[in-house]
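This report refers to the structure that appears directly beneath it.
The values are calculated or read from the model by the stated rules, or taken from the named source; none is laboratory data. Everything quoted here is computed from the prediction, not taken from an experiment. Here the Cβ positions follow ideal geometry from the backbone for every residue, glycine too, while neighbour counts run over all protein chains shown.
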Amino acid sequence: MIARLLLPPGVQASALPLLLARALRAFVDGYVAVLLPAYLLALGFGPWEVGVLATATLLGSACATLAVGAWGHRVHHHRLISGAAALMAATGFSFGLASTFWPLLVIAFVGTLNPSSGDVSVFLPLEHARLAECAEGDARTSLFARYSLLGSLSAALGALAAALPSHISAATGLSAVDGLRCMFGLYGLVGCGVWALYRSLPPPHEAAPQQRTPLGTSRPTVVRLAALFSVDSFAGGLVVNALLALWLFKRFDMSVASAGQFFFWSGLCAAASQLAAPPLSRRIGLVNTMVFTHIPASLCLIGAAFAPSIWAALGLLIVRALLSSMDVPARSAFVMSVVTPAERAAAASFTAVPRSLASAAGPVIGAGLFAAGMLAAPLVACGVLKIAYDLAIWRSFKDVKPSP
């Protein structure tokens with residue numbers, strides 16, 4: 001029943017554990033993005049430290065993804081994603097126990113915490129390469145849409161779970177900080193569940209490492225895509241969910257529970273929008289779907305920066321959520337369709353690495369602007385840069401026809 005509900009027609013059943021793992025990871029990422037700034041503020045840190053730790057999480061993910069792209073073809077990704085799940089479990093338990101800056105910084109860099117709304121972790125290229133093997137053509141686009149949809153829905157539910165620490169503290173008598181620590185413990189437990197799901201995947205074949213190669217004939221295309229994706233990701237790094245939550249805390253004095261409710265509804269809107277991505281991409285093409293939904297979303301973000309009231313800001317951000325995620329499944333399917341099958345794992349990694357590296361630079365800059373009192377600047381810069389990215393990718397790839 002679950003397989004029929006989650007898997008689109010023409011997709012192998014081996015994709016199911018990957019979809020379930022994505023849902024679990026997105027759930028904990030959803031509340032971590034909201035609770036991370038609240039946890040660090042409760043420990044006595046300021047906006048600058050929040051930005052530095054957010055940058056460390058993204059920079060560490062970029063380094064791990066780079067290693068997968070450079071050397072991952074020598075080892076089957078079945079083993080790599082199992083190791084990543086074990087690291088996820090260790091990250092949650094360790095982060096919940098630490099309370100001083102330097103240990104938290106090391107854990108943030110080495111671990112798998114994700115302060116953003118999207119998935120920029122080492123899991124992304126590994127799961128994408130495995131998912132691409134489970135379907136072809138339109139079924140692959142539908143599978144990536146389902147993958148992104150589950151992530152968005154689960155992240156929305158996770159954002160709603162950001163209210164749990166206050167309930168935990170009220171029910172058990174724990175301090176507010178200890179209530180927040182419990183949520184990082186839950187992150188570790190979910191990592192154990194993700195590890196179990198990965199272990200249930202079909203075992204690798206003996207020849208699997210030799211069937212995947214580093215980038216070859218597709219290198220020029222991948223390099224161009226990586227360069228453009230890096231612009232988009234740097235812009236997104238300026239307002240990752242953790243910093244957007246911090247902006248709401250600082251600009252409108254919003255509570256953690258209210259912020260969680262907002263991210264829940266915006267996550268639902270993002271999830272609903274991704275249902276339209278496959279039929280829209282079939283009608284107007286993958287590149288047009290990526291661009292023509294992204295530009296209005298960026299304009300909404302710029303408008304939210306100058307909104308006179310919290311309701312106007314939240315309304316614009318909700319409209320942004322309805323549009324900004326429609327490019328996610330289209331982008332993933334486009335990358336997988338313009339490279340050879342043997343290069344898919346390397347292509348996924350080498351397009352993800354610049355995204356992670358570029359997004360890692362964003363939070364510390366955005367947090368620095370917040371600390372300087374320039375609350376609107378990160379949102380405006382993000383919107384302008386994203387529009388520039390959309391125009392550039394449309395000009396570069398509007399005539400490229402992806403393979404079936």
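Miscellaneous remarks
- Considering 308, 279, the condition of being outside any helix (DSSP H, G or I), over 21 Å from the mean Cα position of the chain (by Cα) and not hydrophobic (A, V, I, L, M, F, W, C) is satisfied by 308 alone.
- The number of residues in segment 92-130 that are closer than 16 Å to residue 62 by Cβ and polar (S, T, N, Q) comes to 4.
- Of the residues examined, residue 355 is not one that is farther than 17 Å from residue 240 by Cα, touching an Asp or Glu at 6+ places or on another chain (Cβ under 9 Å) and assigned to a helix (DSSP H, G or I).
- Segment 176-223: number of residues that are assigned to a helix (DSSP H, G or I) and at pLDDT below 85: 9
- Screening residue 374 on (1) in a helix (DSSP H, G or I); (2) over 22 Å from residue 284 (Cβ atoms); (3) without any contact (Cβ under 8 Å) to a residue 60 or more places away in the chain shows it passes everything except condition (1).
- Filter pass, residue 234 being closer than 29 Å to residue 87 by Cα, modelled with pLDDT of 85 or more and either out of contact with any Lys or Arg (no Cβ under 8 Å at 6 or more places or on another chain) or crowded, with 18+ Cβ neighbours inside 10 Å (or both): yes
- The residues of segment 250-268 that are more than 10 Å from residue 162 (Cα to Cα), surrounded by fewer than 20 Cβ atoms within 10 Å (Cβ to Cβ) and either at pLDDT 95 or above or not aromatic (Phe, Trp, Tyr) (or both), listed by number, are 250, 251, 253, 254, 255.
- Of the candidates 339, 384, the single residue that is outside any helix (DSSP H, G or I) and either within 30 Å of residue 139 (Cα to Cα) or not basic (Lys, Arg) (or both) is 339.
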